[in-house]
Amino acid sequence: MKYVVVTGGVVSGLGKGITISSIGRLLKAAGLRVTAIKIDPYLNTDAGTMSPFEHGETFVLDDGGETDLDLGNYERFLDVTLTRDHNITTGKIYSSVIAKERRGDYLGKTVQVVPHVTDEVQAWIERVALIPTDGEAGPPDVCLVEVGGTVGDIESSVFLEAIRQFQFNCDAGDVCLVHVSLVPCLGSVGEQKTKPTQHGVKELRGLGLSPDLIICRSSTELLASTREKIGIFCQVPASRVISIHDVANIYHVPLLLLDQAVPARLRETLKLERSLECDVASWARMARAIDAHDAVVTIAIVGKYTGLQDSYLSVLKALKHAAIEADRRLEIAWIESTDLEEPSDEADDDAEESARTASSKRAAAWAALADADGVVVPGGFGSRGILGMIAAAKFCRERRKPYLGVCLGMQLAVIEYCRSVLGRPAATSAEFDDAFTPGDPPAKHHAVVFMPEVDKTKMGGTMRLGARETLLCEDAWTRRGEASIASIIYGTTEAVNERHRHRYEVNPGLVGELEKAGLRFVGRDETGDRMEIAELPRSVHPYYFGTQYHPEFKSRPQRPSPPFFGLVLAAIGRLETHFKLDAVSSNAPKKAKVSPV
């Protein structure tokens, strides 16, 4: 097994995840089988209970693992399927060590950070590196390991010590250490400064680790003199100082590395016998095509965490993949859902000024929603901003604007339908009902209910998680000859496999009434009782589609998620032509008469 270990210096957020994913993409393009591990130095067991504002989105894996968003980068770039064990955290390592101590596995020894914790890290890496992630039998050829955080952080020191020992314990040529650093450009002339990189590498060498390659992030391409200076002071040949400067889109990064002979440098360091001839023709065409797109599609994301765009990273990537496939340049209109809500009556010291600001924000938010070609309401938790999301769902339904509701977005579309069409103005979710306690029976006004099998006291790892089958089913419209949108975009009438992350579901007791009123539930779980896909007939609305699952987690470049691709196609008016569909007339079954509750 060969290992490529990536560390970061100077500041966080340099793009270690994209860098290691790009290296993996080149290795895979050369015919090697690749896997990836992310080390996160926080004490949390996983990312499942972390705030999106603090850490970005939680990426969900097939096995239900709730992980750092970088594992999403790995899966998208490398087209692999990782497991929860591919995300190492301090919490997981210490939990394992303490469990072993309680069992007596250490035979009465004093349990210490060195060697017991560092040994656990090394054993974890060696074990997980052998897990196949590409659907083929046998272990991968190369394991990519990203050490989160910045060299010098207290939190990551134990992992860097483990890597030092690991490198020593491996055979010569089995480990390649790549250090990602920052080369800022200062002053009016944009002089490239090497001191931050020099100090970062000095810190790394002080820990007993010497980089084989130094990858420098900069706004402009590194000058030859800058490479030579870094090489001299960091004891690395200038040919191994690699420039990753700002590019039009991230899909150019593997091509940048290829242009600077990174595969050849890896082959030398890892003593690989095979030549690394990388076939990136298709990838290069995609990267260049993105730059050439002139036509624009504008999609509004109506969410409650828009202050940090990483909170919706997979949604954003899924939309980009769909736009690329549709030959469109994607523009995102970020709409904070609270800005769509009616102003509150609460007064404060600056009530008049606050009212003017709120009114201005609200007008801008509604204008952005109206101008968008399509709308996504993504997942989320809690009651803040819910009324704004419901208003967006209603606006899209009534104005026939393409709409995709994901998880919470589907639940809110159902709530809006109950309120507006069934005449149930009090309809809501048990999640937003302050009087509801998990374990209580659902109230009559709960259109969305707490799932009975979910743990009622613990938060972490207790939701309905991971990949599950959704069975596509017939309804009144399919029996009349109108295929469901789900069967069209997925290209099947049987089942789809997608990833889930939720505690609440559509109230099964209301499904019959909702279907009679015109809302289609065309996807259900294996029991038939849990609603997975809701949509309006194409004869009623061009694209009004909701999923209880999160289709964004399985989207890939050149293989976009079907619900997101369908949204983009509908937004540019090409859904029918792309799928060669006949136009449908308004032939929906008559709505049942309902009385307000």
**Study point:** Search result, residues across the stretch 566-577 that are part of a helix (DSSP H, G or I), more than 21 Å from Arg468 (Cβ to Cβ) and either open to solvent by less than 40 Å² (accessible area, probe 1.4 Å) or not charged (D, E, K, R) (or both)
**Key:** Leu567, Val568, Leu569, Ala570, Ala571, Leu575, Thr577
Exercise for review: Scan the stretch 295-304 and give yes if some residue there is open to solvent by 50 Å² or more (accessible area, probe 1.4 Å) and of a type in the set (A, V, I, L, M), otherwise no.
Suggested key: yes
Exercise for review: Please determine, by comparing only the residues of the stretch 475-519 that are out of contact with any Phe, Trp or Tyr (no Cβ under 9 Å at 6 or more places or on another chain) and among the acidic types (Asp, Glu), which one is surrounded by the most Cβ atoms within 10 Å (Cβ to Cβ).
Suggested key: Glu482
Review point. How about the stretch 460-474: which of its residues are surrounded by fewer than 17 Cβ atoms within 10 Å (Cβ to Cβ) and modelled with pLDDT under 90?
Key: Gly460, Gly461, Thr462, Glu474
Review point. From the list Asp212, Asp171, which residue is under 30 Å from Ile93 (Cα atoms) and free of Cβ contacts under 8 Å to residues at least 24 places away in the same chain?
Key: Asp171
Exercise for review: Kindly check whether there is at least one residue in the stretch 435-454 that is at pLDDT 80 or above, aliphatic (A, V, I, L, M), more than 21 Å from Ala413 (Cβ to Cβ) and open to solvent by 30 Å² or more (accessible area, probe 1.4 Å).
Suggested key: yes
Review point. What do you reckon, is Glu398 more than 23 Å from Tyr305 (Cα to Cα) and among the charged types (D, E, K, R)?
Key: yes
Check your understanding: For the stretch 7-38, how many residues meet the condition of being touching a residue at least 24 places away in the same chain (Cβ under 8 Å), of a type in the set (Gly, Ala, Ser) and in a loop (DSSP other than H, G, I, E, B)?
Key -> 5
Check your understanding: Within the stretch 6-41, how many residues are touching a helix residue (DSSP H, G or I) at 6+ places or on another chain (Cβ under 6 Å) and under 20 Å from Ile93 (Cα atoms)?
Key -> 6
Point to revise | Among (1) in a helix (DSSP H, G or I); (2) at pLDDT 95 or above - the single one Thr81 does not satisfy | key: (1)
Review point. Taking the stretch 131-156 only, how many residues are open to solvent by 20 Å² or more (accessible area, probe 1.4 Å), at pLDDT 95 or above and within 20 Å of Thr89 (Cβ to Cβ)?
Key: 1
Point to revise | Matching option when the condition is over 30 Å from Gly546 (Cβ atoms), exposed (fewer than 15 other Cβ atoms within 10 Å of the Cβ) and within 27 Å of the chain's Cα centre (by Cα), among Val247, Val253 | key: Val247
Check your understanding: Given the conditions (1) small (Gly, Ala, Ser); (2) modelled with pLDDT under 95; (3) not in a loop (DSSP other than H, G, I, E, B), and given that Ser314 satisfies all but one, which numbered condition is not satisfied?
Key -> (2)
**Study point:** Selection status of Phe159, of a type outside the set (Asp, Glu) and either touching a Leu at 6+ places or on another chain (Cβ under 8 Å) or modelled with pLDDT under 95 (or both)
**Key:** no
Study note, to complete from the structure: Of the residues in the stretch 383-431, those that are closer than 23 Å to Met451 by Cα, of a type outside the set (A, V, I, L, M), part of a helix (DSSP H, G or I) and open to solvent by less than 20 Å² (accessible area, probe 1.4 Å) come to Gly409, Gln411, Glu416, Tyr417, Cys418
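The values are calculated or read from the model by the stated rules, or taken from the named source; none is laboratory data. Remember, it's a predicted structure, so these values are computed and weren't measured experimentally. With ideal geometry, Cβ positions are generated from the backbone for all residues, glycine too; neighbour counts draw on all protein chains shown. Side chains are part of the model used for accessible areas, which takes the heavy atoms of the whole protein and leaves out ligands, DNA and RNA. Shrake-Rupley method; radii C 1.70, N 1.55, O 1.52, S 1.80 Å.
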